[in-house]
Every structure is written in C-alpha cells, then in structure tokens.
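A.B. asks: Have a look at the structure that comes next, please.
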Amino acid sequence: MTDPRPIDVTLLTGFLGSGKTTLLNNLLRDPGMADTAVVINEFGDVAIDHLLVESAIENAVVLQSGCICCTVRGDLVDTLGDLEGKAARGELPPFSRVVIETTGLADPTAIVRIFAEEPTLAGRFRLRAVVTTVDAVNGAGQLDRFNEAGRQAALADVMVLTKSDLAGETAATDLKARLARINPGASILTVVHGALSPEALFAEVAHPLADGEAGVGRWLGLDAFAPLAPTPGAHVHHGDHGHDHGSGHDHGHDHAHGDHGHDDHAHADHHDHAAAVAPSGIDAHGDAPSRHDAAISSFAVILDDPIERTALERWLASIMSLRGSDLLRMKGIVAVRGLGGPVVVHAVQNVVHPPLRLARWPDADHRTRIVFITQNIPKAALQRSLEVLAAEAVG
Ligand SMILES: Nc1nc2c(ncn2[C@@H]2O[C@H](COP(=O)(O)OP(=O)(O)OP(=O)(O)O)[C@@H](O)[C@H]2O)c(=O)[nH]1
C-alpha cells in the first residue's frame, strides 16, 4: 500500500534439468538478492526443489500444485499476498523483487497470464521478465524433439545458456545462434554453474513501465531485427532474418527463416505436459532435423501512418482469438492517432497484456514498430492485416 511502485516479478523457467535451481542458488548467495522473495512452483507430487535451494533466505515459499494450468492462479495470488502481508508485519524481511522458479513446467504461459489478467495483482506486482535457462548439452536435442522448447525460447526476455563447460565451444556457439534466430530480441548469457550476479542478470532486463521510454527500445530488441530505416512511400516494412541484421548485436543471424515449417506435433495450450518429462539424456549431437524451430519465424513490421485506437483494439482481439497460440511473442510500440506518445502492445501466445500508453516516444522514430515471433503464421498474413489497418486509418 505504501509503495507506489509495483514489485517486479521475474519468472525463471527452462527445461527439466537445465540449471534453474543452480542459477537461483548462486544468485541467492549474492547480497544483491537480499531484497528478493522467492516462490518455487513444484510441478508434480513431490516438492524437492526447495530442498535444493540452499540459501537461508527466509522468504522462500513453495507452491505445490498438481497442474499449474488449473490450480496455480489462486495459490500464486494468495502466496504473493501472504509475502506482502508478512513483510508489512515485519515477519519477513522487506522485499522489492520476486523471483518465481517454475519447476518441470512445460509452458510457463499460465503464469504470464496470471500477471496479465489477474486484477488483484494489478498495481502490486508486475511481471518484469521471463528468464529461460537452456542447457548447452541437451538444448539442441530438446529443440529438435519438443515443440515446447522453442516456445520457451520465444517467451524469454533473457536466455541463460548453461553447461557450456560440458558441451564444448562449437556446440554452445551453434546453440546460441539457433536461439538467437528463434528469439532475436532476447539477450543470451552464457553461464557456467550458475555463476551470474543479480546485477548482470537484471541489467539485461528492460521493461517499458519500469524503465520508462528509455527502456522501450531495449525491451523491443529492435536492433536485432530487420533494418528499420525509413523507406519513402512505403507503408509497411518488414524484414526477415537472413537478409540483413543490422549491427550492434552479436547474435548469429545467419539463416533465413521460412514460413514453410511444418509441425506435426500440434498440441493444445494447456494440459500438455509431455515436455515436462523430457528425458535428460537427449543426444544434443543427434542429426534429427528440427521441424519445430523451422516453423518459427521472427520479423518486424513497421507502419508509417498512425492508426485509430479502435482499429488497433479490433486487430489485437482478432489475431489473438484466431491464432493466439501460434503468435509466440509480439512486442511493439504503436502510433495511435491523436496520442502524443506511443501505445505499447505486448502479447505472449494468447495472453495479451493490457496496452500501455507512454507519454513520450523513446526516440525520434515515431512510427509503429512491432516485432513478432510466430509459429506457422506466415509473415505475409500479419503484414496484410496491419496494412489493412493502416489503410483504414488513412482512409
Ligand atoms: N557442468 C555443469 N553442470 C551444471 C551447470 N548448471 C547446472 N548443472 C548441473 O545440472 C544438473 C541440473 O541442474 P538444476 O539446477 O537442478 O536444474 P533445474 O533446471 O533446476 O532442474 P529441475 O528443477 O529438475 O527442472 C545439476 O546436477 C547441476 O549441478 C553448468 O553450467 N555446468
């Protein structure tokens, strides 16, 4: 109540055995984490991970629930409320940050959804970033075999590549390049045995609300996408990886993405926990071709002309209801007619965060810029829908 700022929440996710607990333990040893409360979600019957979180941290809470999709919303809301109450009463040290570790959870979107949609959390807690650990030994195999692995990578704001000491330099470099192709806007940190400082981790995380206009450009990760120079006369620009990746990023964008991928492992958003029981010994050096991440495309769309607010709302609602689960990630700033600053749009699969108005543009470029990571949605389809929108506003 007394704190006007919502508390930042970081979601720590990643495949089974990819090094989440190791990373968290190391972070918690750092005095810079003193003001952090930790919530550990245990998927499955036996809560083990909290035993492995060695820190004497007092405000570590274990949320044990069977299927996160079904039960965790109430539990998580109650847990955060409890932490807040205990800190206010002096029963726990005060905290200004929360880290939620999801254990063995195939699809962390359920938690993203809670923060986007739960009214009782609004203004108190906000999801600041998704940090995804990717195992350098098994990560490539997981991307080959499990659709969820690519979706987790797409969801991340920061990817932490673990176990590069075991994988060898070439495998780690190749995997890094592959992850960067899936999610060009995310930073990728290479971390061995969890050795990462909270400062280094949280420095990678920008949020349009927490950091104001200055954070927007970094949050969008536009540098990593296609060239964004104005093209006179054109209303929509787009670029796909493999053409020109601009500069300033060391991600290895050396492949063209097609919109041609096939995914014969289609599955529902919820209740598919296959990836949660991924065998830990998948051979990263196997030659299985990846149809999963071949189906994932990332691209940026730019509109020169402002659009009407109602048209934007209609567009958001329609793409989400039609293809939300294949729209892995959308982040953008939109020029809305009549507004001085941009509207920030953000969606993770079919979870749409409430659009957010900024008072000012982050830079001199006042065009709508939206970056997408999609699975089996052709770039042309999204581009066309935005062109229609822009034409509507102009007309
Ligand atoms: N060699 C090496 N081992 C690591 C590294 N990071 C983690 N490990 C080991 O990998 C194993 C799994 O790590 P955890 O931190 O338990 O992974 P997790 O993601 O929390 O696992 P779950 O909670 O079961 O999903 C442990 O034996 C760690 O010691 C690393 O960078 N290098």
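The values are calculated or read from the model by the stated rules, or taken from the named source; none is laboratory data. Please read all numbers here as calculations on a predicted model, not as lab measurements. We place every Cβ from the backbone using ideal geometry, glycine too, and count neighbours over all the protein chains shown. Surface areas here come from the heavy atoms of the whole protein model, side chains and all, with no ligands, DNA or RNA. Shrake-Rupley method; radii C 1.70, N 1.55, O 1.52, S 1.80 Å.
A.B. asks: Looking for something modelled with pLDDT under 85 and of a type in the set (K, R) - is there at least one such residue anywhere in the stretch 287-294?
C.D. replies: Yes - at least one qualifying residue is present in the stretch 287-294.
A.B. asks: Examine the stretch 319-334 for a residue that is of a type in the set (A, V, I, L, M), surrounded by 19 or more Cβ atoms within 10 Å (Cβ to Cβ) and assigned to a helix (DSSP H, G or I), and state whether such a residue exists.
C.D. replies: yes
A.B. asks: Can you tell me which residues in the stretch 114-157 are closer than 20 Å to R97 by Cα, open to solvent by less than 20 Å² (accessible area, probe 1.4 Å) and either part of a helix (DSSP H, G or I) or away from the ligand (no atom under 15 Å from the Cβ) (or both)?
C.D. replies: Across the stretch 114-157, the qualifying residues are I114, A116, L121, F125, A129.
A.B. asks: Right, another one. Restricting to the stretch 14-30, name every residue that is over 12 Å from V160 (Cα atoms), near the ligand (Cβ under 6 Å from one of its atoms) and in a loop (DSSP other than H, G, I, E, B).
C.D. replies: L16, G17
A.B. asks: Would you mind stating whether T173 is within 16 Å of the ligand (Cβ to nearest atom) and out of contact with any strand residue (DSSP E or B) (no Cβ under 8 Å at 6 or more places or on another chain)?
C.D. replies: yes
A.B. asks: Give all pairs with beta carbons closer than 8 Å in which a residue from the stretch 357-379 that is free of Cβ contacts under 8 Å to residues at least 24 places away in the same chain meets a residue that is open to solvent by 20 Å² or more (accessible area, probe 1.4 Å); count only pairs at least 6 apart in sequence or on separate chains.
C.D. replies: R357/L339
Condition check ((1) touching a residue at least 24 places away in the same chain (Cβ under 8 Å); (2) under 21 Å from N183 (Cβ atoms); (3) assigned to a helix (DSSP H, G or I)) across all residues:
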| site | (1), (2), (3) |
| --- | --- |
| F299 | yes, yes, no |
| A311 | yes, no, yes |
| G340 | no, no, no |
| V345 | yes, yes, no |
